[in-house]
Amino acid sequence: MKYLVHAIQTRGLIFLVYLSNFFLSFHYFTTAYVNSSFLGNNIPQAIADHLISGLYILASILNIFIFLYAPELLRHIGNYKLALWLSVLDLLAVWGLAYTTDIAYILPLFVIHQAIVPVILFNLDIFLEHCTKDENLTGEFRGLFLTVTNVALVISPLLLAAIGLSKGDFSPAYLLSGMFLVPFILIIGFTLRSFEDPHYHPLQLQHEIDVFIKNRNINSVFIANFILQLFYSWMVIYMPLYLINTVGLSWEQFGLMLTIALLPFALFELPIGTLADKKFGEKEIMAFGFIITAASLFAISYFDDLRLSVLTLLLFLSRTGAAFIEITTESYFFKKTKESDADLVSTFRISRPFSYVVGPLLGGFTLLFLPYQHMFSILGLVMVCGLFFVFRITDTR
């Protein structure tokens, strides 16, 4: 009987983590593709491109700093309290962005929002790892977790198109983002307070470096994930600027195109995660994802006069490859870790903010020599390089 009770409690906790992730994802994605345009509207045009890149870099550096000390924070505060406090601070930040046009307030509030959300996602990683200890089901659990995320990813652009951002008023997006965070805070605050923290390994930076140097599988999947995050950073920062400011799409057109382009994340990650568990392993699927993504980026860069339908198809293919990479890197890494490995998980999650340091630096440098359209060929070359690290890992099947 006690095993049945434990199973019911575990499944209940998993459901709450998934539900929390659903609201957190809507909170993040309703502003992710708006941020660069919002900042561009409130920053003098002469310095907009460089300052926007600089803000993403600053937020990412702060995020990296938090991740480095995350195990210590968890040891002293606990995962429940850390998630709750950070989400309340993030709520204040996004609603602050909705109500101010003063650049002196916009800049720090944006940095706080960008720096905090990845850490809250890290908190959810800890909750989920506590519930999913069967490595044979890791891909399936992670696939469902990412599918929940990606339902929000797909629907969010339609919400942006529906609330009239074409008028240049971005405050509705930030108000909506904050509204999605409210149920997240309530779920965390009232239903997960009984979460019992495991013994977290203290941060030992030299140890982490040694693990990454000596463990070829861990360092290879980390770099593969970093390259994927680099792809995301360029898509979030530069693709809206290219399609809206250069191509001339309206927010309604952009929202519809983005919804179609993002469908692979909702459609493919759960079945791919299951296949990785039961049949193929991660290596072949991961490699295929890098090939598809690179090819689509080269096509975007070198085919002139792309029709809207063709461009949408290429963006759809690029996200198909990214979905394959995302679920396989997540599944592979978490098969190699357990819930007490907060140090390794936080190091793995550093790949995202690190990409938002390298991405804007590389993107800003590339724009000195290439127009927006052709800069994506550089990203295609980076994706090709990802294949080298995929081939270094030892498959799980």
Item checked: Qualifying residue in the stretch 301-309 (condition: farther than 17 Å from VAL236 by Cβ, in contact with an Asp or Glu (Cβ under 7 Å, 6 or more places away or on another chain) and either open to solvent by 10 Å² or more (accessible area, probe 1.4 Å) or not hydroxyl-bearing (Ser, Thr, Tyr) (or both)) -> no
Next item on the list: Could you please find all residues in the stretch 195-220 being modelled with pLDDT under 80 and open to solvent by 90 Å² or more (accessible area, probe 1.4 Å)?
Entry: GLU196, HIS199, GLN204, LEU205, GLN206, ILE213, LYS214
Note to self: Against the definition (surrounded by 15 or more Cβ atoms within 10 Å (Cβ to Cβ), within 25 Å of HIS113 (Cα to Cα) and modelled with pLDDT under 75), how does LEU153 come out, yes or no?
What the structure shows: no
Next item on the list: Of the conditions (1) crowded, with 20+ Cβ neighbours inside 10 Å; (2) in contact with an Asp or Glu (Cβ under 7 Å, 6 or more places away or on another chain), GLY78 clears all except one; give me its number.
Entry: (1)
Notebook entry, point to check: ILE188 versus (1) more than 26 Å from GLY78 (Cβ to Cβ); (2) modelled with pLDDT of 80 or more: which is the lone unmet condition?
Noted result: (1)
Margin query: Can you tell me how many residues within the stretch 288-313 are under 20 Å from the mean Cα position of the chain (by Cα) and not aromatic (Phe, Trp, Tyr)?
Written below: 5
Next item on the list: State whether the residues of the stretch 246-256 include one that is touching a residue at least 40 places away in the same chain (Cβ under 8 Å), closer than 26 Å to ARG349 by Cβ, open to solvent by less than 10 Å² (accessible area, probe 1.4 Å) and within 20 Å of the chain's Cα centre (by Cα).
Entry: no
Next item on the list: Grab the helices (runs of 4 or more DSSP H) fully contained in the stretch 232-303, keeping just those with 2 or more residues being polar (S, T, N, Q) and under 27 Å from GLY40 (Cβ atoms).
Entry: 251-261, 283-302
Notebook entry, point to check: Any chance the stretch 103-122 includes a residue that's of a type outside the set (Phe, Trp, Tyr), modelled with pLDDT under 90, touching a Lys or Arg at 6+ places or on another chain (Cβ under 6 Å) and in a helix (DSSP H, G or I)?
Noted result: yes
Notebook entry, point to check: In the stretch 29-56, which residues are modelled with pLDDT of 80 or more and open to solvent by 30 Å² or more (accessible area, probe 1.4 Å)?
Noted result: PHE29, GLY54
Item checked: Pairs, first within 19 Å of ILE223 (Cβ to Cβ) in the stretch 360-388, second of a type outside the set (Phe, Trp, Tyr) and not in a helix (DSSP H, G or I), C-beta under 8 Å, six or more apart -> ILE378/LEU370
Notebook entry, point to check: Considering PHE298, PHE268, which residue is at pLDDT 90 or above and not basic (Lys, Arg)?
Noted result: PHE298
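Please work out which residue is farthest from CYS385 (Cα to Cα), limiting yourself to the stretch 301-337 and to residues that are of a type in the set (A, V, I, L, M, F, W, C) and modelled with pLDDT under 85.
LEU308
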Next item on the list: Can you work out which of the residues in the stretch 157-177 that are buried (at least 22 other Cβ atoms within 10 Å of the Cβ) and at pLDDT 85 or above is nearest to ILE327 (Cα to Cα)?
Entry: SER177
Next item on the list: Would you check which residues across the stretch 72-102 are β-branched (Val, Ile, Thr) and either outside any helix (DSSP H, G or I) or more than 21 Å from the chain's Cα centre (by Cα) (or both) and list them?
Entry: ILE77, THR100, THR101
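The values are calculated or read from the model by the stated rules, or taken from the named source; none is laboratory data. Keep in mind that this is a model prediction, so the values were computed, not measured. Reconstructed Cβ throughout: ideal geometry from the backbone, glycine too, with neighbour counts over all protein chains shown. Heavy atoms of the whole protein, side chains included, go into the accessibility calculation; ligands, DNA and RNA do not. Shrake-Rupley method; radii C 1.70, N 1.55, O 1.52, S 1.80 Å.
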